[in-house]
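Participant: Structure incoming, see below.
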Amino acid sequence: MDMTTALFYVFSAVMLGAAFRVITARSPVHSALFLVLAFASAACVWMLLRAEFLAIVLVLVYVGAVMVLFLFVVMMLDINVDGLRAGFWKHFPLAGLVGVVIALEMAAVLLGGFRLSEAPATPPADLAMGNTKLLGIEIYTQYLYPMQLAAVLLLIAIIAAIALTLRPRRDTKSMNPADQVRVKAADRLRIVKMDAVVPAAPAADVPPAGETK
């Protein structure tokens, strides 16, 4: 066993252990940190497979941005973990069945890649361009339509998330942007001419204490 194979098994074991702790940790913050560890181990596996671009994108996008956002949201919301775990064992059989089906589907798709005795040879011209340029060529030529479909799905998800946040709520105050655009200066500001000095009003006759009119 060479060093590359040994490192692959080490990083894979760490990634599987971290992924298992993501769903078994009692604290949401600990789950998010274990997910960061799983992403970092996956990036190391990508590096061993000579996919440097995918590895650095995984670190920058998921570890550097998405997981920081997850940690910020989890720590700010103060989620009630006991309420989330109320029906865990009730739904565990169905969740386990779905997980087994997904694992079998992934195994059926990826099993062909593990049967290769050695990696396919890469032409010298492709090595000169680098895997980042080759990935861009493959995405925008052979996989152009799946790329566009994924972009449309992401756009729909963004619109749906914005629509969910725009639902009417009684405890918040909001303004209509259309009314703000149609407003005029004369409706907001009224100039009134006033004298610089206003004479004081005459004081009312107040009888001394103890006297009545």
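Participant: Rounded to the nearest 0.05, what FRET efficiency do Gln142 and Ala108 give with R0 = 22 Å and r taken as the Cβ-Cβ distance? Could you check?
Facilitator: Once the sixth-power term is evaluated, E becomes 0.50.
Participant: Compare the peptides 16-25, 103-112 by average per-residue count of other Cβ atoms within 10 angstrom and give them in order, highest first.
Facilitator: 16-25, 103-112
Participant: Further question: Over the stretch 1-79, calculate the relative contact order: mean separation of alpha carbon pairs under 8 Å at least 6 apart, over the residue count, as a percent.
Facilitator: In percent, rounded to a whole number, it is 28.
Participant: Using 7 Å Cα-to-Cβ label points, what is the Lys133/Val197 separation (nm, one decimal)?
Facilitator: 8.5
Participant: Another question, if that's okay. Tell me, what does the Kirkwood hydrodynamic radius of the stretch 1-79 come to in angstroms if you use every pair of distinct C-alpha atoms?
Facilitator: Result for the stretch 1-79, one decimal place: 13.2 Å.
Participant: Okay, next question. Fully extended, how many nm does the chain gain between Val183 and Ile159 (0.36 nm per residue separation, minus their Cα-Cα distance)?
Facilitator: Once the chain is fully extended between Val183 and Ile159, it gains 5.9 nm.
Participant: How far apart, in nm, are two points set 7 Å out from the Cα along the Cα-to-Cβ line at Leu16 and at Leu49?
Facilitator: According to this spin-label approximation, the distance is 1.6 nm.
Participant: Continuing with this model, one more query. Listing Thr132, Thr4 from the residue with the fewest other Cβ atoms within 10 Å to the one with the most, what is the order?
Facilitator: So the ranking, lowest neighbour count to highest, is Thr4, Thr132.
Participant: If we sort 65-76, 86-97 on the protection proxy, mean other Cβ atoms within 10 Å, highest first, what's the order?
Facilitator: Those peptides, ordered most packed to least, come out 65-76, 86-97.
Bear in mind that the values in this text are calculations on the coordinates, not laboratory data. Quick caveat, the model's predicted, so the values are computed rather than measured. Here the Cβ is made from the backbone with ideal geometry for all residues, glycine too, and neighbour counts use every protein chain on show.
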